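Below: the structure, in structure tokens.
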Amino acid sequence: VDSLETQARQTMLRWVILRMVNINGGEITKRPVLLDTELRYADTETDKERNTRCQLVIDRFVGARLLVVGTNLEGKKYVEPAHDVLIREWDKIKTWLSGTQQQGNQTQKQPTFDINLQRLLTPAATEWDSIKNKDKAQPQGVLDRAAPIFDWLDRQPLPIENKFNFILNKIPAQFARLLPRSQNQQERFLWNANPYLDLLDRELKSDDNWLNQVEAEFVQKSVLQKRQNISRGLRIAFVVIAVLSGLTIYAWFQWRNSQINLAESLGRNAFSLAI
């Protein structure tokens with residue numbers, strides 16, 4: 001095994017083990033992790049390699065009786081450390097949690113893995129995925145079938161969109177609901193307004209990220225939803241500005257015509273008095 005593959009497996013080991021760590025009141029305990037969801041990556045070539053490495057790590061640690069595989073009450077398979085003592089006493093875990101690693105006499109920063117953020121993201125992504133699967137099972141209405149078209153339109157940037165993002169701050173967010181678009185229950189679970197979304201988006205775009213398949217899709221959809229909201233908000237802003245401009249111009253012409261009529265009326269009166 002070459003050095004790059006060895007490093008990749010060590011990174012995968014860190015991702016796998018840290019997902020099995022719970023920190024409650026400063027105390028570290030073990031945590032069961034579902035095999036088919038939390039330890040499953042996407043179907044791209046890179047992620048297929050990650051799935052292979054993940055399974056290799058699990059198999060080796062199960063074979064060494066450091067990890068155990070079981071089935072929960074819902075019939076789903078999980079893997080967890082064999083004993084809490086493995087989690088509490090393994091110095092490597094403390095090093096991983098600190099985000100550093102020792103290379104000779106030098107301390108180097110490891111690729112990021114924010115365990116607290118991961119603990120927030122995973123259940124949110126899992127719940128969204130469950131709702132998404134339920135939506136797929138429901139008969140599709142007209143708006144649902146047209147959803148890809150709306151999504152494509154929302155992806156298209158306005159020519160001056162980037163220059164006028166400040167307009168969004170002047171428009172109530174609820175106006176965005178007035179535009180025709182597909183609505184589904186999934187959107188309520190997305191993180192399009194979550195302050196961590198930009199951080200997760202950067203993590204997702206990195207070559208070495210810890211997001212699994214469901215988490216990655218959840219972040220992608222949240223980013224898209226955020227962009228859709230911005231695009232809709234800008235379109236509303238432009239419509240409002242156009243309407244207000246039109247009303248202003250119309251009012252100006254009305255005032256101008258009234259002034260002209262008044263001047264003509266005064267002129268006629270003055271002419272009649274002169275005669």
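The values are calculated or read from the model by the stated rules, or taken from the named source; none is laboratory data. Every value quoted in this text rests on a predicted model; they were computed, and no experiment measured them. Cβ: placed from backbone, ideal geometry, glycine included. Neighbour counts: every protein chain shown. Surface accessibility is based on the protein's heavy atoms, side chains included, excluding ligands, DNA and RNA. Shrake-Rupley method; radii C 1.70, N 1.55, O 1.52, S 1.80 Å.
For the residue pairs K76/K205; K30/K221; K205/K226; K48/K134, the alpha carbons lie more than 23 Å apart in K76/K205; K30/K221; K48/K134. Subtracting the Cα-Cα distance of L97 and N24 from 0.36 nm times their residue separation leaves 24.9 nm of extension gain. The heavy atoms of S258 offer some 60 square angstrom of accessible surface to a 1.4 angstrom probe.
With 0.36 nm allotted per residue and the present C-alpha distance subtracted, the R227-Q7 stretch has 75.6 nm of extension available. For the pair R235 and V69, label points projected 7 Å from Cα toward Cβ lie 4.8 nm apart. If you sort E264, E217 by accessible surface, 1.4 Å probe, largest first, the order is E264, E217. Candidate cross-link partners of K94 among the aspartates and glutamates, defined by an alpha-carbon separation under 18 Å and a same-chain spacing of 8 or more, comprise E27, E80, D84, D114.
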